[in-house]
Amino acid sequence: MTNVTTQVSTLITARPLPTAKEPAAAVLAKLGQKQVAHLRRVLSEPIEFVAHESFKTAATVRTLFGQDVGSERAIRPWCNAAEIDWSSTGLAADSSTLSGDEERTWFLKLNYARYRVSRILSQFADKRLTARAAGEVLFWHAQAETAKTQIVQANVPLVLAMAKRTRLGNIDYAELISEGNMALLRSADKFDCGRGFKFSTYACRAILKSFSRVAMKASRYRSQFPTEFDPTLEKSDHNERQREALEADCVDELKTILGRNLAGLNDVEVKVLKARFALDRVDDDSVEQGPKTLEQVGHLIGVTKERVRQIQNRALSKLRLALQDDFLAA
């Protein structure tokens, strides 16, 4: 293991989109729907890995995976990464923390598996994959996904810790965590373990840069929209204003009819209506204002409240007829 992890690795080698073609229909028919979709996704994405000198050594497979999985006898087409026995490597797939040696091993596994996928696709450039080649592509891509999952899961607490240290009160905490997780995923793809540094050192800088981008984006947004969205500002009071204007017009019309006695009301009926509906309000605070009850109006004119109700109904009927006549005339 020491000979593998201490060798100097090169910079990231980015590959263009693969030109290998899908296997024949007969081969695809032997696969499940998820496996076909998985294979098509691999063929539609560029393969990116950190190259290492040890990848060209035959002992690398046995050193990293504990067995010669590259041999013809060991390759099992369409296998699932969950079926792989990692116990021979001494690493637990569900471990929450990684030591320095474990971390280097997982990164070498990640990049070696991607290297094998890239090599297979290069061999079948502009040609259809055979059944065996498709199986190897799925197998090694599963190894890469397993290694990356292990690395990311072990370092997710790093994003939470950096988010707590970065006090950006005007930014949503969930958005900060989301951007930090994306930075962590990108860091896992580009980290070069052969340089001798811990992954957390590299990932922290990437996470902080992502936080800075979020802060700059929020600042630009604030410059354009200085206040938060207020639903009350979006609510129109047009209907309320129209209703108030209509009520004011009706009151003015009623006062005109009463003032000119267009409804043919007698003095008692006019007095009852003004008292009941406060049509004779004054601005003097010493005078009691507001509509009066039937009993209060009865005391005012010297009759019972039932008699006041009858006078009121008769007067309202006259007013209604007068308003209808004015509406028809208009």
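So how many residues does the stretch 112-145 have that are in a loop (DSSP other than H, G, I, E, B) and within 34 Å of the chain's Cα centre (by Cα)?
Going through the stretch 112-145 one residue at a time, the tally reaches 0.
Considering the stretch 107-152 alone, what residues qualify as being closer than 15 Å to Ala188 by Cβ and surrounded by fewer than 19 Cβ atoms within 10 Å (Cβ to Cβ)?
Once the filter is applied, which keeps residues that are closer than 15 Å to Ala188 by Cβ and surrounded by fewer than 19 Cβ atoms within 10 Å (Cβ to Cβ), the stretch 107-152 yields Glu145, Thr149, Val152.
Find all pairs meeting these conditions: Cβ atoms under 6 angstrom apart; at least six residues apart or on different chains; first residue within the stretch 41-61 and closer than 27 Å to Lys21 by Cβ and surrounded by 14 or more Cβ atoms within 10 Å (Cβ to Cβ); second residue at pLDDT 80 or above and basic (Lys, Arg).
Pairs that qualify, where the first residue is closer than 27 Å to Lys21 by Cβ and surrounded by 14 or more Cβ atoms within 10 Å (Cβ to Cβ) and the partner is at pLDDT 80 or above and basic (Lys, Arg), are Ile47/Arg114; Phe49/Arg114.
Looking at the stretch 179-193 only, could you name the residues that are part of a helix (DSSP H, G or I) and within 13 Å of Ala206 (Cα to Cα)?
Matches in the stretch 179-193: Glu179, Gly180, Asn181, Met182, Ala183, Leu184, Leu185, Arg186, Ser187, Ala188, Asp189, Lys190.
Counting only residues that are modelled with pLDDT of 50 or more and touching a helix residue (DSSP H, G or I) at 6+ places or on another chain (Cβ under 7 Å), which one in the stretch 1-30 is nearest to Phe107 (Cα to Cα)?
The extreme case among them is Arg15.
Pairs under 6 Å by beta carbon, first residue of a type in the set (Phe, Trp, Tyr) in the stretch 140-151, partner crowded, with 20+ Cβ neighbours inside 10 Å, six or more apart or different chains?
Every condition considered, the pairs that remain are Trp140/Ala113; Trp140/Arg116; Trp140/Val117.
The values are calculated or read from the model by the stated rules, or taken from the named source; none is laboratory data. Quick caveat, the model's predicted, so the values are computed rather than measured. Cβ atoms come from the backbone with ideal geometry, glycine included; neighbour counts cover every protein chain shown.
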